[in-house]
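Engineer: Please read through the structure below; I'll follow up with questions.
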Amino acid sequence: MSESVKGIGATAEAIAAAVRSGNASAEEITRAFLAHADKTAGMLGTYLHRMSEEALRAARAVDAKRASGAPLGALAGVPVAIKDNICIRGVPTTCGSTILEGYRPPYDAHVIERLRAADAVLVGKTNCDEFAMGSSTENSAYHPTKNPWDLARVPGGSSGGSAAAVAAREAPIAYGSDTGGSVRQPAAFCGVYGLKPTYGAVSRYGLVAFASSLDQIGPFARTARDTALAYNAVAGPDARDMTSRAEARPIDLAALEGGMKGLTIGIPRDLLEGEGLAPEIRACFDSAAAAFASHGARLIDVSLPSAKHAIATYYLIAPAEASSNLARYDGVRYGLRAGDGDLRAMYERTRGQGFGREVRRRILLGTYALSAGYYDAYYLRAQKVRTLVRGDFLKALSGADALLLPVTPTTAFGLGEKVEDPLAMYLNDIYSIPASLAGVPALSFPAGFGAAGLPIGLQLVGHPFAEETLLRIARAYETWCDAATKAPPIATEVSA
Ligand code: GLN
């Protein structure tokens with residue numbers, strides 16, 4: 001086997017090329033990643049369910065396919081971790097909730113069908129905040145996940161397990177879901193790439209719904225090119241999701257090498273002036289902007305005047321949709337059932353015991369916002385503000401190829417630091433939620449490190465279906481900054 005793909009540091013691109021050409025065996029590669037995760041996953045709390053046996057079986061099938069002379073897919077033999085709110089047939093899917101304990105979906109999500117077709121190897125279901133509600137993975141009903149860079153800190157959320165898995169080299173690629181930042185924020189906290197595709201680019205069929213008008217599945221990876229490969233493997237239309245869009249096209253990997261010349265980057269000054277942005281993140285932002293300019297990009301000032309209302313708007317729309325989506329967990333159809341006898345008492349007991357505090361809070365908020373007499377004042381008004389936020393982005397992007405934003409106001413915070421203060425937790429999403437409301441693509445890329453040695457991510461936001469441009473810019477950045485190549489100690493020392 002060639003040196004470059006032997007270890008857990010290999011990229012998905014290198015692994016797939018080696019497996020396709022017969023220079024590496026998918027089984028050996030899978031064994032290496034599984035053995036590493038045997039050491040790290042328990043310390044980090046990455047998974048809710050590991051799939052080691054299934055993974056080895058799948059890897060052997062890939063090797064047999066290659067031996068038979070059949071062509072292999074774009075992710076041949078690549079270990080991939082999946083957030084636990086994405087359905088895999090026959091595999092426990094809890095969404096980090098007690099209410100779905102014991103539930104095994106009878107079908108594969110669209111993205112899982114696509115990953116199997118690409119000859120990827122699924123290694124496990126990753127931990128997340130319950131029903132993807134949270135920013136720290138502490139709202140999982142099972143256990144928190146720890147940040148691979150500092151085990152006393154959160155990995156971000158809600159897709160914290162997927163971000164930690166990629167940062168700790170347990171898999172070169174993982175998938176999560178992003179409703180208001182749940183791929184981008186943990187990517188930033190863990191020092192990896194995280195892409196929230198354009199709304200409609202990736203089918204939501206088989207993604208357990210949180211807020212359907214915002215939810216998007218997106219990949220985590222350690223290089224810009226791997227992020228593109230991971231996006232290509234799952235993007236494109238699907239008749240089973242009526243919001244899926246035919247405009248989603250695969251990214252051309254050669255185009256990612258185009259550099260910065262001829263590109264215009266918009267800087268939303270008004271958003272940066274708000275209080276709360278840590279000076280070290282601001283400094284990283286300013287030096288990244290200067291580096292883009294020195295490599296040939298043009299910088300222009302843009303404005304996103306409605307973005308300051310984004311958090312308030314999101315916390316009406318997302319809970320409203322969640323309260324309706326979560327009505328289906330009634331003790332009859334899925335997972336947990338608490339008590340029998342009287343039907344109404346069974347519903348109440350099941351939902352009272354099965355949902356955690358944050359989920360109950362959102363159901364109450366959402367039910368209130370949708371109730372007769374309040375609908376116009378809250379939900380309808382929030383929808384109007386949402387239209388303004390989208391308008392702001394399209395206007396800002398009319399003169400720019402992409403906008404540069406922070407992802408988070410600070411680097412990863414401590415475990416337990418914000419659990420008792422939901423508002424502080426919500427405010428953490430101030431830079432990620434606007435692009436979610438607008439439905440435009442947004443990428444978190446590793447941009448540097450803060451004083452405590454913790455990763456800093458920055459965000460590129462683009463035109464609808466222009467994921468390629470975002471990754472081209474991030475790829476250019478990667479060629480002059482090594483932020484993406486550093487590994488947390490746990491990734492190397494534990495297996496040394
Ligand atoms: N942190 C946000 C929330 O709690 C976003 C979560 C997400 O994107 N799934 O709703």
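Engineer: Over the heavy atoms of Tyr368, what accessible area does a 1.4 Å probe trace out, to the nearest 10 Å²?
Structural biologist: Its heavy atoms expose roughly 110 Å² to the probe.
Engineer: Sticking with this one: Within the stretch 258-289, list the residues whose amide N lies under 13 Å from a label point set 7 Å along Cα→Cβ of Ala451.
Structural biologist: Correct set: 278-283.
Engineer: Could I ask something else about it? Label the stretch 111-175 by shape, choosing from rounded, prolate and oblate, from the square roots a ≥ b ≥ c of the eigenvalues of the Cα gyration tensor; if a/c is under 1.5 it is rounded, and otherwise prolate applies when a/b is larger than b/c, oblate when it is not.
Structural biologist: Cα axes put the stretch 111-175 in the oblate bin.
Engineer: Check cross-link reach from Lys384 to the lysines: straight Cα distance under 24 Å, and skip same-chain residues fewer than eight apart.
Structural biologist: List returned: Lys196, Lys308, Lys395.
Engineer: If you bin every alpha carbon distance in the stretch 310-396 into 10 Å steps from zero, what whole percent lands in each bin?
Structural biologist: With a bin width of 10 Å, the distribution comes to 17, 37, 26, 15, 5, 1.
Engineer: Can you tell me the mean projection area, over all orientations, of the convex hull of the chain's alpha carbons? Units nm², please. Mind showing how you got there, number by number?
Structural biologist: Details: hull surface 87.9 nm².
Projected area, direction-averaged: 22.0 nm².
Engineer: Next question. Work out Dmax and Rg for the stretch 152-266 from the C-alpha atoms and quote the Rg first, both in angstrom.
Structural biologist: 14.5, 44
Engineer: Please state, rounded to one decimal and in Å, the Kirkwood hydrodynamic radius that the stretch 1-124 gives when every pair of distinct Cα atoms enters the mean of 1/r. Kindly include the intermediate steps, with their values, before the conclusion.
Structural biologist: Numbers: mean 1/r = 0.0671 Å⁻¹.
One over the average 1/r among Cα pairs gives 14.9 Å for the stretch 1-124.
Engineer: If you don't mind, there's one more thing I want to ask. Sort 281-294, 219-232, 393-406 by packing, meaning the average of other beta carbons within 10 Å per residue, with the highest value first. Spell out each step's value before the answer.
Structural biologist: On the way: 281-294: 16.2, 219-232: 26.7, 393-406: 20.3.
Result, highest mean first: 219-232, 393-406, 281-294.
Engineer: Between the stretch 83-143 and the stretch 349-374, what is the C-alpha centre distance in whole Å?
Structural biologist: Cα centres, the stretch 83-143 to the stretch 349-374: 22 Å.
Engineer: Sort 314-323, 481-490, 47-56 for me by packing, meaning the mean count of neighbouring Cβ atoms within 10 Å per residue, highest on top.
Structural biologist: Numbers: 314-323: 23.8, 481-490: 16.4, 47-56: 18.6.
Highest mean packing first, the order is 314-323, 47-56, 481-490.
Engineer: For the stretch 219-318, I need the span (max minus min coordinate) of the C-alpha atoms along each principal axis, in Å, sorted largest to smallest.
Structural biologist: Taking the Cα atoms of the stretch 219-318, the three principal extents are 43, 41, 24 Å.
Engineer: Suppose the chain between Asp421 and Ala254 were pulled fully straight at 0.36 nm per residue; how much longer would it get relative to their current alpha carbon spacing?
Structural biologist: Working: separation 167, 0.36 × 167 = 60.12 nm, distance 4.59 nm.
Result for the pair: 55.5 nm of gain on full extension.
Engineer: Under 15 Å from a label point 7 Å along Cα→Cβ of Ala61: give me every residue in the stretch 102-125 with its amide N that close.
Structural biologist: 107-109, 112-124
Engineer: Long-range amide H contacts for Ile251: which residues qualify at under 5 Å (H placed 1.01 Å from N, peptide plane, sequence gap of 5 or more or a different chain)?
Structural biologist: Asn232
Engineer: Further, regarding this structure: Please list the equivalent ellipsoid semi-axes of the stretch 73-217, computed as the square roots of five times the alpha-carbon gyration tensor eigenvalues, in descending order and whole angstrom.
Structural biologist: Numbers: eigenvalues 82, 61, 45 Å².
Output for the stretch 73-217: semi-axes of 20, 17, 15 Å.
Engineer: I need the calculated FRET efficiency for the pair Ser21 and Ala291, taking r as the beta carbon distance and R₀ as 30 Å, to the nearest 0.05.
Structural biologist: On the way: r = 36 Å, r/R0 = 1.19.
Efficiency computed from Cβ-Cβ geometry: 0.25.
Engineer: Still on this structure: Can you give me the Cα centroid spacing of the stretch 276-309 and the stretch 388-451 in angstrom?
Structural biologist: 12
Engineer: Can you give me the distance in nm between label points at Ser52 and Arg333, each placed 7 Å from the Cα along the Cα-to-Cβ direction?
Structural biologist: 3.6
Engineer: Okay, next question. Would you please give the FRET efficiency between Leu394 and Tyr374, computed as 1/(1 + (r/R0)^6) with r the Cβ-Cβ distance and R0 = 35 Å, to the nearest 0.05?
Structural biologist: On the way: r = 30 Å, r/R0 = 0.85.
After rounding to 0.05, the efficiency reads 0.70.
Engineer: Then there's this: Can you pull out the GluC sites (Glu not before Pro) in the stretch 216-276 whose DSSP state is coil and whose Cβ has at most 12 other Cβ atoms within 10 Å? Don't skip to the answer; put the middle values down first.
Structural biologist: Working: sites: Glu247, Glu257, Glu273, Glu275; in loops: Glu247, Glu275.
The qualifying sites are Glu247, Glu275.
Engineer: Would you please give the FRET efficiency between Arg381 and Arg31, computed as 1/(1 + (r/R0)^6) with r the Cβ-Cβ distance and R0 = 60 Å, to the nearest 0.05? Write down the numbers at each step before the final one.
Structural biologist: Values: r = 55 Å, r/R0 = 0.92.
Plugging the Cβ-Cβ distance into 1/(1 + (r/R0)^6) gives 0.60.
Engineer: So, one more: Name the aspartates and glutamates eligible as straight-distance cross-link partners of Lys261: C-alpha to C-alpha under 14 Å, and not fewer than 8 places from it in the same chain.
Structural biologist: Once the sequence-local aspartates and glutamates are set aside, what remains near Lys261 is Asp401.
Engineer: Keeping all protein chains in the complex and leaving out DNA, RNA and ligands, what accessible area do you get for Arg475 with a 1.4 Å probe, in Å² to the nearest 10?
Structural biologist: Arg475 has an accessible surface of roughly 50 Å² with all protein chains in place.
Engineer: If packing is taken as the average number of other Cβ atoms within 10 Å across a peptide's residues, how do 78-90, 28-40 rank, most packed first? Let's see the in-between values first.
Structural biologist: Details: 78-90: 27.2, 28-40: 20.3.
Put in order of decreasing packing, that is 78-90, 28-40.
Engineer: Taking the alpha-carbon distance from Lys125 and a cut-off under 19 Å, which aspartates and glutamates remain once sequence neighbours fewer than 8 residues away in the same chain are dropped?
Structural biologist: Asp38, Glu53, Glu54, Asp84, Glu101, Asp108, Glu113, Glu138, Glu170, Asp178, Asp215
The values are calculated or read from the model by the stated rules, or taken from the named source; none is laboratory data. Please read all numbers here as calculations on a predicted model, not as lab measurements. Backbone-built Cβ (ideal geometry, glycine too); neighbour counts: all protein chains shown. The protein model used for the area step is the full one, side chains on, heavy atoms only, and it has no ligands, DNA or RNA in it. Shrake-Rupley method; radii C 1.70, N 1.55, O 1.52, S 1.80 Å.
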